[in-house]
There are 2 protein chains.
Amino acid sequence: MSNSKVDLAISLVQELIRSGELRPGDRLPVEAELAAQLGLSRNSLREAVRAMQAMRILEARQGDGTYISDLDPARMIETLRFAVDVSGPQAVIWFLEIRRMIELHIAGIAAAKRSEADLERLNACHRELSQAASFDAMMEADTRFHVILAEIAGNPILTSLLELVSGPTVRARVWRQQDLAEVCAEHARVLAGIAARDVDAAKHAMWTHISGVLDWVVAHPEELETPKSPPGSSI
Amino acid sequence: MSNSKVDLAISLVQELIRSGELRPGDRLPVEAELAAQLGLSRNSLREAVRAMQAMRILEARQGDGTYISDLDPARMIETLRFAVDVSGPQAVIWFLEIRRMIELHIAGIAAAKRSEADLERLNACHRELSQAASFDAMMEADTRFHVILAEIAGNPILTSLLELVSGPTVRARVWRQQDLAEVCAEHARVLAGIAARDVDAAKHAMWTHISGVLDWVVAHPEELETPKSPPGSSI
DNA sequence: TGCGAAAAATCATCCGATGTTTTCTTCCTT
DNA sequence: AAGGAAGAAAACATCGGATGATTTTTCGCA
């Protein structure tokens, strides 16, 4: 890709992991030694290590050493949080479309395989939403309802993806336009479908739920502008 | 999160972008000046910049300057390629489940809104697959068929996600177990559904197509071990 | 044996200097 | 005056060494 020494070092270490020579939890040689092995200075090596830390590939602990992370895909997906947060109005719509697809998929699976304990968790969460006192509490309970559904579906990477596209920034941009009573009613319909193990009903209710948000966003794109700070903020 | 100066600097620059004070294409102050503004050394600032380069947030050009990237979500998603490639067998199954969900969604949309030109592109790609001479050519034509469908659906972020979970490594691990003739026949059924604008038929054919792969993987997880290099490789 | 202090190991940060690439300026030629 | 080439300037890339901070290990002492 690039021919800088730092990028080369990143590629080399990644290849060592890909090939299995370095495995999760393994410790890297100390900075000086690894830099010598890779043929670059400690400063440049540190840049490479720092970049891989940002991507959750490595973990450096002062006084201890630098280790290969557990390479958990779900955790690495979270590094895209910033990308989602700074996306423009058009991308928000695309994210919402993806969210609708995921939620539809999840609702169907949850209706088919939910346990009694799952159902009780959902009910408790639904009660909390209906009694939420603050805006933040509402948003938290709403988010948790959907995360519980995702967990029932049993694909942690999909859960992580859903949390990504349902992130607080995207959600906050939209939520202020919502009516709590209506959101509660829609959740109740989803819940009813899942309680009855009615896959089609759960999916239909979820589709309606997310589409309500999506349709509003499509109709009011100007409300989605990335929030700007007033001039004069400190660096 | 962390209290290191480098991580602080990353958060500060990200916040400047989030707030709109720095926008795509903007140029950052020169290293020395920005380091002074943020209260750290040039080396530490360089680590922060390098980390954001890895995340496709910044672009540094020697002799010119450092700029905010276009912040295209699709490009930033590609930084997860490594995460997908090093995932273990269980994660491959999870990725395939996500791929099936996406492909199902895409097939339905493509059947509904494809143009005549779209159909011709798909037909051409299908012909190439059926005539592919090498393993690489087969894999390329197969991948392109699915990417064309994704592009018809019209959500570039979803296209990028599909390319991520359908990446060459995951695919190569699975493809060697496939029968070209059968893959061709399955593509043909998807194509027929799309040509007829039959949403249900296209989705059903696609579901069968991906499920064949998924079912095989679930039945033979041991074949999915991350490829290991023999001991003795350099470094 | 148990505990605390000293020592070692390791990453974090800083400084200054030099190399490389790109861009801008200037001046010469036509 | 236009064009271009040589030089100067600006900016990132890399390097080596030095110092600080944190964790781990060692070792002596009670």
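Values in this text are rule-based calculations from the coordinates and carry no lab data. It should be emphasised that the depicted structure is a prediction, and the values quoted were computed from it without experimental measurement. Glycine also receives a Cβ, built like all others from the backbone with ideal geometry; neighbour counts cover every protein chain displayed.
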(request) Say whether the condition of being over 17 Å from the mean Cα position of the chain (by Cα) and either within 14 Å of another protein chain (Cβ to nearest Cβ) or basic (Lys, Arg) (or both) is met by at least one residue in region B:114-121. (result) yes
(request) Out of the residues in region A:6-33 that are surrounded by 16 or more Cβ atoms within 10 Å (Cβ to Cβ), among the hydrophobic types (A, V, I, L, M, F, W, C) and away from chain B (no Cβ under 11 Å), state the one that is nearest to DNA strand D (Cβ to nearest atom). (result) A:LEU8
(message) It is to be established whether one or more residues within region A:89-97 are surrounded by fewer than 20 Cβ atoms within 10 Å (Cβ to Cβ), within 10 Å of chain B (Cβ to nearest Cβ) and either within 16 Å of DNA strand C (Cβ to nearest atom) or of a type in the set (Gly, Ala, Ser) (or both).
(response) no
(message) Just to check your reading of the model, which residue among A:ILE68, A:ILE77, A:ILE10 is within 16 Å of DNA strand C (Cβ to nearest atom) and closer than 22 Å to B:PRO89 by Cβ?
(response) A:ILE68
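Can you pull out the residues in region B:34-59 that are more than 23 Å from A:ILE10 (Cα to Cα) and either at the interface with another protein chain (Cβ under 8 Å from one of its Cβ atoms) or more than 10 Å from DNA strand D (Cβ to nearest atom) (or both)? Walk me through how you get there before you give the answer.
Our first condition is that a residue be more than 23 Å from A:ILE10 (Cα to Cα); within region B:34-59, this holds for B:34-40.
Answer for region B:34-59, where residues must be more than 23 Å from A:ILE10 (Cα to Cα) and either at the interface with another protein chain (Cβ under 8 Å from one of its Cβ atoms) or more than 10 Å from DNA strand D (Cβ to nearest atom) (or both): B:ALA36, B:GLN37, B:LEU38, B:GLY39, B:LEU40.
If only one of A:GLU103, A:GLU78 is more than 9 Å from every other protein chain (Cβ to nearest Cβ), surrounded by fewer than 16 Cβ atoms within 10 Å (Cβ to Cβ) and closer than 21 Å to A:THR143 by Cα, which one is it? Explain how you work it out, then say what you get.
Values: A:GLU103 fails: surrounded by fewer than 16 Cβ atoms within 10 Å (Cβ to Cβ).
Checking each option against the conditions leaves just A:GLU78.
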